[in-house]
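Trainee: Below is a structure I'd like to ask you about.
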Ligand code: ADP
């Protein structure tokens, strides 16, 4: 299965992604994890990306598109993958469509985990990550609403979008996820 997982910061995407990986075993392609690893290893891309990440802004499209196009060539991705945190802009989505069309491997589904903004802010304020300072959280929510939420319309038009209510317990939400993903297994 080839899945995109979309949701605002704090929606619980990471928790649900882990459960999806454990059950369906796709490769997990988290751009946030990749960028943090690159930053911690102090690679040139990592140091460049950190300038944007620490302020809650998106790293430039060409950087992230380069990382993903390389990652998608790896053997573990040939079975299937969960894209987590990518695409985040229309330009990234278009670049991905192009790559997948060239490979002849279309997406199965785009899962959106939906949670209202007030709830997100409450949840994020309780976490301890370096980019979870209130003003950075605000920036990340602004970036999501401005740059990433247009993707919902983009994928809805392609008939790929499935929206899941992100309020409830972890297990309740995962049941909703399974109802959708079982169809593609
Ligand atoms: P979040 O909790 O905000 O969803 P992520 O772990 O997915 O966080 O990403 C953390 C940061 O990494 C983002 O705020 C952004 O700076 C950068 N980033 C991750 N994925 C992308 C992407 N696809 N395009 C641009 N920047 C990205």
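Trainee: Counting only residues that are outside the structural domain of residue 159 (by TED's automatic domain parsing) and within 18 Å of the chain's Cα centre (by Cα), give me the helices (runs of 4 or more DSSP H) lying completely in the stretch 15-131 with at least 2 of them.
Mentor: Once the helices (runs of 4 or more DSSP H) in the stretch 15-131 are filtered for at least 2 residues that are outside the structural domain of residue 159 (by TED's automatic domain parsing) and within 18 Å of the chain's Cα centre (by Cα), what remains is 31-40, 44-53, 61-71, 90-103.
Trainee: A further question on this structure: Counting only residues that are touching a residue at least 12 places away in the same chain (Cβ under 8 Å) and within 9 Å of the ligand (Cβ to nearest atom), how many does the stretch 128-140 have?
Mentor: Of the residues in that region, 5 qualify.
Trainee: What's the number of the condition residue 97 fails, among (1) surrounded by 11 or more Cβ atoms within 10 Å (Cβ to Cβ); (2) more than 14 Å from residue 5 (Cα to Cα); (3) within 14 Å of the ligand (Cβ to nearest atom)?
Mentor: Condition (3) is where residue 97 drops out.
Trainee: Mind counting the residues in the stretch 57-81 that are within 16 Å of the ligand (Cβ to nearest atom) and without any contact (Cβ under 8 Å) to a residue 60 or more places away in the chain?
Mentor: 14
The values are calculated or read from the model by the stated rules, or taken from the named source; none is laboratory data. Given the structure is predicted, the values throughout are model-derived calculations rather than measurements. Neighbour counts run over all protein chains shown; Cβ positions are idealised from the backbone, glycine included.
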